[in-house]
Amino acid sequence: MDAETATAVTVAAAEQEALISGSEAVAVASRLADVDVITAYPIRPYDTMMQYVAKQIANGEQDAEYIVAESEHSQFEIAKHASAVGARALCGSSGVGWCYAFEAIAVTPALRLPLLAMVGNRALDDPGAFGTEHNDALAARDLGWMHVWVDTAQEALDVTLIAYRVAEDRRVFLPCAISTDGAFLTHSQALVKIPPRAWVDEFLPRYDRGDLRFHPDNPITIAPQVNEDWLMEIRRQTDQAMRNARGVLEEAYRDFRRIFNRDYGNPFFEEYYTDDAEIVLVGMGTLSMPVKVVIRKLRAEGQRVGFVRVRWFRPFDYERLGGLLSRFQAVGVVDRDFSMGSPYNSGVLANEIRATLYGQPKQPPVVSFITGLGGREVTIPNVREMFEHTRKAAETGASPRDTLWIGVRA
Amino acid sequence: MARTISVEVVYRGIFQKTLAKNICRGIVLAARKEGKIGIAFGRYGDSPERNGIPAKNFAIVAPDEETLQLSMAQYEPAESDITIAVDDTLCKGVESWAWYGLQPINEKIREGGTLVVTSTLPAGEIVKFCHTKAHPYRLAVIPGIPSFSGLWVYKDDHTDVRILGALPKVCPDLVSLDAMLAAIKDEWKSDLKVTSARRSYEQTTTRTVGPGEGNPEVPYKFDLPGWTRMREGVTIEGMKLGEPIQFGGQVGGYRPQRNPYFKKYTTRTMRPVIDFDKCIKCTLCWLQCPDSCFDVMPDQTYDLNAEACCGCGVCEAVCPVDGCITMVNESAFTDNKSQWEMWKTNKDAYRQWVAEKIGCRPERSHGFRYKGQYEEQVASMGAASGGGQGGGE
Ligand code: SF4
Ligand code: SF4
């Protein structure tokens, strides 16, 4: 390539800015990644993604098989089968819709089908609570799905591209759920940089299923009946794939930084003012917004506080996260989910953090919080309150024996 | 000194499920009469409850609870003191699950243990089916045709108590006759059943099967790969395309590849015998066989691959020529050789073989449908149902 064409490419490749929501960002990423099969079944708030895909296809901007199934169960099944024949596949759901697809969700990892699902996090409601809670995606946390939580529309777009690259890596071949907080991400539009297709093409190789491709030229049987003589080995294979994903994720983020010039630092978690922090909060998703605001205020008041946002929940970077958190005088963990009757009556993340710290030589007190359930806003006073409790634990050096519910009416 | 005693009942899925369960329950309840403790359990799984597939039930009797725990939370005990085959054709071996290969019927029997078989054949004939063993064991034959019933019905022909009655004789350590009879009386509330059991006790004789006696064939088996060697994604390689058949100077036809890990002929209680002289090459057997057991031969007849045939009888039912395909009791055979090759090699000898096989044990004992079954049933219902209300013609 001579200098002149190189310049032309660079100019043509400049990013464009668009005002889109987190779900729309996933839809745009699916266009950039040239996803082959997109299966859909409407449920709020995930449906904002499928609507945008439909629009892109209708406008002639996107070329994909777009299949509206008759239920989430079929929706995930179709995506699974598409992935098995070598098609890049996307689906998604929310709340109880995700649960309705659970049979397909549960078996996807062992079959090593690298499809992506957007989870528009929603309360597991009966009476129609559309707001965010993380229990829907977390219900599948142990099954071999990779799970990532994003906190901006930009990250939703970028992570979708990264997730395809990692999921479709032969060393991994696992499905990935991209969690976007209902309402706060799925229904709020923000300015997002849309990279040119050429960059995406450079970053994301073709999905090559190789010897696992279900095709007449590669005759195989998928999922023959297995018994106790086989399943444990299959589980161990899935486990190895998840272990491999850690390194593959690092590679993908490194390449992403090189090609897209956006640096996410440690792929697994985001650190905010942690360098000199005495105490930190830990959480996932859009909770980061009020927390970051409060941190800046408290810092102005002279308090050394920080925040760690867990991005990749599976695989979980327990080594580095444990090393980081053990430095602080106290750690407050904010769960936008619950795990009724669990140790300390806490949410899911808090007990993951406790387990992560257990292997560390120094263990700061852990304070667990449950807040923002059912889509309730986490307010500035809520965050201040959580920092105060965490500060108290740092002073006494002791972990409270129970979890604090913040923002709940007594 | 009291010891743990393991009893294995090998049965045919669905048809003998209740029979096997009754036997194992009876053993544990009888042992209880003597203050022992036990469990009765089925080989948990899916396939074992399909028509005719060899399946297993177990009864373990131990002197006390702690000893019994050694045998609990297991699918199968490592060894058996008594193995009971409630159908003599099971003596050819069992593929109780896909992926295990072929397990000889006597595989688990410990030295000096006993194989109990219900059969009308003499013991010498049954031994020929059983794979050889390095150590001696005993064989007890309880005379009678195998007791087959359906999914929802149980044919109460006393096979259960006849087997139970024989057990104190073949293994006095397991339980005494008195305890067994008392348990049968309690469980079935029937003096007739007690009588059947007692008679069986009196009539049962055993003989010793010496080391190396029996079928010398090495049963097919394979190693289970570790997770690093297994294909990923719960996938297995598909069958490759088949090949034309060579016989003598002739090349032609087509033989498909078949699953080398699960041949499933142990599911069979009857096998098709083909009279090639009568075949009109209509293709129906080949088309309709649910397991693709027929090979297309160079002369366009269809030969049975007896390793793949589960004995369902469909080919017999669809063959349009009278007496061309006949289902024959599996106990009439000792190998899976090609019938077509026999026919090609010596037609007269083959014709004689066909006549002999068809004449041998002609009873239709198993639970699959067979040609003419409904005609027989309708006829046996008598005049009331035979009248017909037609008038259409
Ligand atoms: S009995 Fe006939 S139809 Fe049935 S499996 Fe055997 S060959 Fe096929
Ligand atoms: S169905 Fe009978 S006549 Fe037809 S090909 Fe088979 S054996 Fe021959």
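Taken together, the values in this text are just the output of simple stated rules run on the coordinates, not laboratory data. All of these numbers come straight from a predicted model, not from anything done at the bench. We place every Cβ from the backbone using ideal geometry, glycine too, and count neighbours over all the protein chains shown.
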| query | Going by alpha carbons, how many degrees (0 to 90, nearest 10) lie between the helix axis of A:348-358 and the longest principal axis of chain A? | reply | 70
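Rg over Rh of the protein assembly as shown, using C-alpha atoms and the Kirkwood radius, what does it come to?
For the protein assembly as shown, the value is 1.10.
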| task | Determine, for each peptide in B:219-225, A:106-112, A:181-187, the mean count of other beta carbons within 10 angstrom over its residues, then list the peptides with the highest first. | result | A:181-187, A:106-112, B:219-225
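Which whole number gives the average, over all residues in B:233-244, of C-beta atoms from other chains lying within 10 Å of the residue C-beta? Don't skip to the answer; put the middle values down first.
Working: counts 19, 16, 13, 6, 5, 7, 2, 1, 1, 0, 0, 0.
That average works out to 6.
If you filter region B:274-346 for trypsin sites (Lys or Arg not before Pro), then keep DSSP loop positions with at most 13 other Cβ within 10 Å, what is left?
Numbers: sites: B:K278, B:K281, B:K337, B:K344; in loops: B:K281, B:K337.
The qualifying sites are B:K281, B:K337.
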| said: Taking loop as defined by DSSP and a crowding limit of 10 other beta carbons within 10 Å, which GluC sites (Glu not before Pro) in region A:67-140 fit? | reply: A:E70
| message | Using a Cα-Cα cut-off of under 16 Å, which lysines could be cross-linked to A:K297, ignoring same-chain neighbours fewer than 8 residues away? | response | none
| query | Going by alpha carbons, how many degrees (0 to 90, nearest 10) lie between the helix axis of A:102-111 and the longest principal axis of chain A? | reply | 70
| All-pairs alpha carbon distance profile, region B:234-359, 10 Å steps from 0, percent | 12, 45, 35, 7, 1, 0
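Treating only the Cβ atoms of Lys and Arg (+1) and Asp and Glu (-1) as charged, compute the dipole magnitude of the protein assembly as shown about its Cα centre; round to the nearest 20 debye.
On the way: 90 positive and 104 negative charges, 297 e Å.
Here the protein assembly as shown has a charge dipole of around 1420 debye.
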| note | Residue by residue through region B:193-198, the couplings from Karplus 6.51 cos²θ - 1.76 cosθ + 1.60 with θ = phi - 60°, in Hz, x for Gly and Pro, are 5, 4, 4, 4, 5, 5
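Which entries in B:K21/B:K357; B:K108/B:K264; B:K128/B:K263; B:K33/B:K169; A:K80/B:K221; B:K33/B:K189 show an alpha-carbon gap greater than 27 Å? The partial results should precede the final answer.
On the way: B:K21/B:K357 33 Å; B:K108/B:K264 20 Å; B:K128/B:K263 21 Å; B:K33/B:K169 17 Å; A:K80/B:K221 34 Å; B:K33/B:K189 16 Å.
Going by Cα-Cα distance, B:K21/B:K357; A:K80/B:K221 fall outside the 27 Å limit.
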| field | About the Cα centre, charge dipole magnitude for chain A (Lys/Arg +1, Asp/Glu -1 at Cβ), debye | value | 1100
| said: In region B:278-293, whose amide N lies under 20 Å from the spot 7 Å out along Cα-to-Cβ of B:Q250? List them in ranges. | reply: B:278-287, B:293
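Kindly rank B:177-184, B:287-294, B:114-121 from highest to lowest mean number of other beta carbons found within 10 Å of each residue.
Values: B:177-184: 20.8, B:287-294: 17.4, B:114-121: 23.0.
So the order, starting with the most tightly packed, is B:114-121, B:177-184, B:287-294.
Counting only other chains, and only Cβ atoms inside 10 Å, what mean value do you get across the residues of A:377-389? Intermediate values should be presented prior to the final figure.
Numbers: counts 0, 0, 0, 0, 0, 0, 0, 0, 0, 0, 0, 0, 0.
Across the residues of A:377-389, the mean count of other-chain Cβ atoms within 10 Å is 0.
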| message | Which residues does the label zone of A:A198 cover in region A:259-284, counting backbone N under 19 Å from a point 7 Å along Cα→Cβ? | response | A:259-262
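Based on Cβ point charges of +1 for Lys and Arg and -1 for Asp and Glu, what charge dipole magnitude is obtained for chain B about its Cα centre, in debye rounded to the nearest 20? It would help to have the intermediate numbers written out before the result.
Details: 47 positive and 49 negative charges, 42 e Å.
The calculation lands at about 200 debye.
Using R₀ = 51 Å, calculate the FRET efficiency as 1/(1 + (r/R₀)^6) where r is the Cβ-Cβ separation of A:L231 and B:E356; round to 0.05. Numbers along the way, then the final one.
Details: r = 47 Å, r/R0 = 0.93.
Using R0 = 51 Å, I get an efficiency of 0.60.
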| task | Return the Rg/Rh value of region B:5-222, two decimal places, where both radii are evaluated on C-alpha atoms and Rh is the Kirkwood radius. | result | 0.94
| aspartates and glutamates with Cα under 12 Å of A:K193, excluding same-chain neighbours fewer than 8 positions away | A:E15, A:E17, A:E155, A:D158
| task | With everything on Cα atoms, drop me the angle between helix B:159-170 and the longest principal axis of chain B, reported from 0 to 90° to the nearest 10. | result | 60
| message | Contact order normalised by length for region A:12-260, with contacts defined as Cα pairs under 8 Å and 6 or more residues apart; what percent is it? | response | 26
| request: Take the Cβ-Cβ distance between B:K278 and A:D217 as r, set R0 to 30 Å, and report the resulting FRET efficiency rounded to the nearest 0.05. | output: 0.10
| field | Inter-chain Cβ neighbour average for residues B:219-232, partner chain, 10 Å | value | 3
| query | What nm value, rounded to one decimal, do you get for the distance between B:K155 and A:E250 when each label is placed 7 Å out toward the C-beta? | reply | 6.8
| message | Which one, B:E125, B:E76, B:E307, has the greatest fluctuation when you compute a Gaussian network model over chain B with C-alpha springs under 10 angstrom? | response | B:E125
| request: Mind jotting down a quarter of the surface of the convex hull over the alpha carbons of chain B, in square nanometres, one decimal? | output: 25.1
| said: Around B:Q257, under 9 Å between beta carbons, what's the net of Lys plus Arg minus Asp minus Glu among the other residues? | reply: +2
